[in-house]
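Quick notes on the structure that follows.
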Amino acid sequence: MNSITSKEFEAVIKLPANIRYEYFIKKVADSEEIWGLYDDGWAMTADDSGILLIPFWPKKEFAQYCAYEEWSNYKAQSISLDEFISDWLPNMVKDQYKPSIFWNRDDSAVLEIQVILNDLEQELEKY
């Protein structure tokens, strides 16, 4: 279990959304798992135009940090990277949901699914 230090947590959680996104891509390619919040269904939110967003995090600690307020009953749950790429992302395209990458209680990186797929594939080629 490769958990992170509180020092790394404090440093990363404050980074701008685009840098947290880069961290997410590197970490999930490395650990081969992605974290969401689950409680009888996955945590979801919506953007200003009503598009449904599903938040994902690179580590359990970051997901747990965001399990508060309306998500306080949610628990961090892992998704294998393979399942994320082959199952989750294609289904999200079909349902017209967008991934909200690495929310920090303030903002997140919301990108097109194809961009995330390309970035993950490029990162995975390094392994």
### Query
So for the stretch 1-61, Kirkwood radius off the Cα pairs, Stokes-Einstein at 37 °C and 0.692 mPa s: how many µm² s⁻¹?
252 µm²/s
### Highest average packing first - 55-62, 113-120, 11-18, Cβ atoms within 10 Å
55-62, 113-120, 11-18
### Summary
Given unit charges at Cβ for Lys, Arg (+) and Asp, Glu (-), the dipole magnitude of the chain about its Cα centre in debye, nearest 20, is 320 debye
### Query
What does the accessible area per residue of the chain come to in Å², with a 1.4 Å probe and no ligands, DNA or RNA counted?
56 Å²
### the chain: antiparallel DSSP beta bridges as a percent of all, rounded to 5
75 percent
### Task
Please work out the Kirkwood hydrodynamic radius for the chain, using every pair of different C-alpha atoms, and report it in angstroms with one decimal place.
14.6 Å
### Query
At a probe size of 1.4 Å, how large is the accessible area of Glu69, to the nearest 10 Å²?
130 Å²
#### Entry: Reachable lysines, given that their alpha-carbon falls under 17 Å from the alpha-carbon of Lys126 and they are not under 8 places away in the same chain
Lys26, Lys27
### Query
For the stretch 1-125, which whole-number percentage of the solvent-accessible area (1.4 Å probe, protein heavy atoms only) is attributable to carbon and sulfur atoms?
45 percent
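The values are calculated or read from the model by the stated rules, or taken from the named source; none is laboratory data. Please read all numbers here as calculations on a predicted model, not as lab measurements. So basically every Cβ, Gly included, is an ideal-geometry build from the backbone, and we count neighbours across all protein chains shown. Only protein heavy atoms, including side chains, enter the accessible area calculation; ligands, DNA and RNA are left aside. Shrake-Rupley method; radii C 1.70, N 1.55, O 1.52, S 1.80 Å.
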